[in-house]
Amino acid sequence: MLHQFQFSVSEVKAWLEKETNPTLFPIQTQAQKHIANMHIGLQNLLDASKMLLDNSQSEIDRRNMKVYNRARALNKLALLFIERIKKLKTPEDISYENLNSFAQDIQKALAVTEIDIKNWFQHISPFFIMDRRKFLSVYEKTKLIFGDFNNFLTRDYIKTKGLQQTFQLIDELEALEKQLTLAEGQKTNLKNERLSLGQEIATIEQQIHSFATQINLYQLTQTNAEIESLNNMLKQELRHLQKPFIKMQALSVGGSGLTSNELKRVALYLENPFEAIITEEVGLPALKELLQKLLSLLRQDALRLKSDKARKAEQAITEILKHDSLEILHRKCVEVATRKRQLERSTALEEAQRQLSLLQQQKDQLQARCVNLETDEVAKEKTCIDLREKVRSYKKAIETNILNYLGKQVQLS
């Protein structure tokens, strides 16, 4: 069973460099020599191309028509060679990826140059024979240098590819862990801010409750609830009069015997019986007068109601007219309405409502901010999850590469 080494991300790079230096240093030294040779070879080829350019330009300047056209052709060809070679940049950072890309660029440049030589040198012949031989000599040496360089790259240096990728993965992993630490810190800050806002909201809610209790704002709320309850009770008591009232309104055009004020009262009893009944005097004289007219219309069958509905309507009217069935409700409604008016006239209540409105606005703003923070926190958590998965994947890849290259089992913490 292999011994397992445990390292942090910051430790593994130094350990790996120490472990691989005996094998990696010599091959890196060889790579530097090949790069230097290749650079010299390309520089010599560039100088040879400039020699072709200068000598062909001299012939062009002499205006010797026997050589002129071939000199121009060679001049253009030399310019192409120079531009092509100048595009080949020797890599400063020595790695397999950089050297492989450099080798591919050289191979393409030499291949195109080979075609140009075959296509054009024969047309330039028999002139510039010494220049062409000198250039071809340098060109062949450059090809040999490239051959050595490419062989080294494909046979020897390729073995360092996995190791170099591992060093790159370690650098990227360090950057990822820094990003993760930053993201987790930001998420914690968002959470703390959200919790702090939650405490502020709770404090404001306590203030709202305390404020409302002190100035009896709940009395107004309870009074409104009583009004709603009484309104529903009145609707229940007057339920058999709803249809007749509606029919009575419809007869107003043809003549129901109602005044405009009475028609408004009918509409109010239909819409909000509480508001209608609190306008009544003791004994409900206005309502009773209205019901007398309704009873007359019922007995004349002017409303054309079904017999059952007409019977129930007459019973309800009789209860109100003869037995004062609404008297108690009327008294309660007036009491509650009076209490509400007194509460609403209170200057303390008006100021309290203003203060409570401000507190509610603050609470709403803080809650909106809380929602935004929660959204940001969820997004940041997703970022952390993605980064943790990337860190885990990178660690596994590094551990696998080290095992494959060195045969040693490493666990990254």
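Each value in this text was obtained by applying a stated rule to the coordinates, not by laboratory testing. As the structure is a prediction and not an experimental result, all values here were calculated from the model. Using ideal geometry, Cβ is built from the backbone for each residue, glycine included, and neighbour counts are taken over all protein chains shown.
Key figures for this structure:
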| read-out | value |
| --- | --- |
| Theoretical FRET efficiency, 1/(1+(r/R0)^6), r = Cβ-Cβ of Arg133 and Arg62, R0 30 Å, to 0.05 | 0.90 |
| Computed Kirkwood radius, in angstrom, where 1/r is averaged over Cα pairs of the range 17-155 | 16.4 Å |
| Neighbour cut-off at most 15 other Cβ (10 Å), DSSP loop, trypsin sites (Lys or Arg not before Pro), the range 275-379 | Arg304, Lys306 |
| Mean shadow area of the chain over all directions, Cα convex hull, nm² | 49.8 nm² |
| For Glu184, net neighbour charge (Lys/Arg +1, Asp/Glu -1) across residues whose Cβ lies under 13 Å away | +2 |
| Positive dipole terminus of the chain, leading residue within Tyr157, Ile277, Leu403 (C-beta point charges) | Tyr157 |
| Distance in nm between pseudo-label sites at Ser307 and Val371 (7 Å out along the Cβ direction from Cα) | 6.1 nm |
| Total charge dipole magnitude, the range 1-96, about the Cα centre, Cβ charges on Lys, Arg, Asp, Glu only, Debye to nearest 20 | 840 debye |
| Cα-based helix-to-principal-axis angle, 260-271 vs the chain, degrees rounded to 10 | 60 degrees |
| Cα centroid separation, the range 72-97 to the range 275-295 (Å) | 109 Å |
| For Phe5, distant residues with modelled amide H under 5 Å away | Gln409, Val410, Gln411 |
| Check: the range 17-155 dipole with +1 on Lys, Arg Cβ and -1 on Asp, Glu Cβ, in debye | 780 debye |
| Efficiency of FRET from Cβ geometry, Leu195 and Ser101, R₀ 51 Å, rounded to 0.05 | 0.45 |
| 10 Å beta-carbon shell around Gly283, net charge (K/R +1, D/E -1) | -3 |
| Cα gyration tensor, the range 217-353 - rounded (a/c under 1.5), prolate or oblate | prolate |
| Estimated 222 nm signal from helices in the chain, with DSSP H stretches of n ≥ 4 weighted -39500 (n - 2.57), rounded to 500 | -29500 deg cm²/dmol |
| Angle between the chain longest axis and helix 96-124 axis [Cα atoms, degrees, rounded to 10] | 50 degrees |
| The chain - charge dipole about Cα centre, Lys and Arg +1 at Cβ, Asp and Glu -1, debye rounded to 20 | 1840 debye |
